[in-house]
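The structure appears below as structure tokens.
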Amino acid sequence: MEGDDEIRQLIAPYRGKRGVLIQILQEVQNRYGYVSRDAVSAISEETEIAESEIYGVASFYSQFKFKKIGLHQLKVCLGTSCHVSGGESIMVSVEHHLGIRYGSTTDDDKFSLERVACMGCCGLSPVIVIDGIVYGKIEHKKLVKLLNKLSKVEDDKRNTKQ
């Protein structure tokens, strides 16, 4: 995991300033992809803000993650429109295909899966967002093609590096 020295370097520009906790959390998340326990401890030591307060602030905002996320982030909408249009079935299909439950990351750190209450794309339901790209009116065949394509791209990258 990240070292205390790296965290302290990220925090250095904010020392002595008030109201910068969110910026510090964003810096840590941008660097590591999530806010680890080690990071919270280092932030607490450097800023003299209680760990409980840091967790309170970070957990209030959905942008902050406390677990490492995968290279590809998948968000399945389960709002009313998507649910009625088959969103739950899409979620089950993704979970089965990746071998994980929502809120998890695959063992190879390729994919993270989240369920979302509403993406605001009700006219396109059911919706899945993959790496920030919205795929509407998603059907199982198209979903499997997308997931296989992402897996193949990653496998090709890995094979090219060897």
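Values in this text are rule-based calculations from the coordinates and carry no lab data. Computed from a predicted structure; not experimentally measured. Note that each Cβ is placed from the backbone with ideal geometry, even for glycine, and that neighbours are counted across all protein chains shown.
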Could you run the Karplus curve 6.51 cos²θ - 1.76 cosθ + 1.60 with θ = phi - 60° over segment 120-134 and give me ³J(HN,Hα) per residue in whole Hz, x for Gly and Pro? x, 10, 4, x, 9, 5, x, 10, 10, 10, 10, 6, x, 9, 7
In the neighbourhood of VAL94 defined by beta carbon distances under 15 Å, the net charge of the other residues (Lys, Arg +1; Asp, Glu -1) is +3
Size of charge dipole - the chain - debye, nearest 20, with Cβ of Lys, Arg +1 and Asp, Glu -1, no other charges: 780 debye
Running a GNM on the chain with Cα contacts under 10 Å, which residue among SER112, SER52, SER85 ends up with the highest mean-square fluctuation? SER52
I need the fraction of alpha carbon pairs in segment 72-161 separated by more than 22 Å, rounded to a whole percent. 22 percent
Counting only residues 5 or more apart in sequence or on a different chain, those whose built amide H sits under 5 Å from that of GLU139 are none
Rounded to the nearest 5, the percent of DSSP beta bridges in the chain running antiparallel is 55 percent
With no solvent and one point per C-alpha, what does the Debye sum give as log10 I(q)/I(0) for the chain at q = 0.14, 0.16 Å⁻¹? -0.80, -0.93
Under the Cβ-under-4.7 Å rule, which cysteines of the chain stay unpaired? CYS118, CYS121, CYS122
Cubic angstrom per residue, convex hull over Cα atoms of segment 5-82: 105 Å³
Using only DSSP helix segments of four residues or longer, with each worth -39500 (n - 2.57), what per-residue ellipticity at 222 nm results for the chain after dividing by its residue count and rounding to 500? -15000 deg cm²/dmol
Listed with the fewest Cβ neighbours within 10 Å leading, TYR102, TYR61 appear as TYR61, TYR102
How do PHE111, PHE66, PHE60 line up, fewest other C-beta atoms within 10 Å first? PHE60, PHE66, PHE111
Out of VAL134, VAL92, VAL20, a Gaussian network model of the chain with alpha-carbon springs under 10 Å gives the largest mean-square fluctuation to VAL20
Cβ density ranking, 10 Å radius, fewest first, applied to ILE138, ILE100, ILE54 yields ILE100, ILE54, ILE138
Mind putting a number on the dipole of segment 72-161 about its Cα centre? Charges go on the C-beta only, +1 for Lys and Arg and -1 for Asp and Glu, and I need it in Debye to the nearest 20. 280 debye
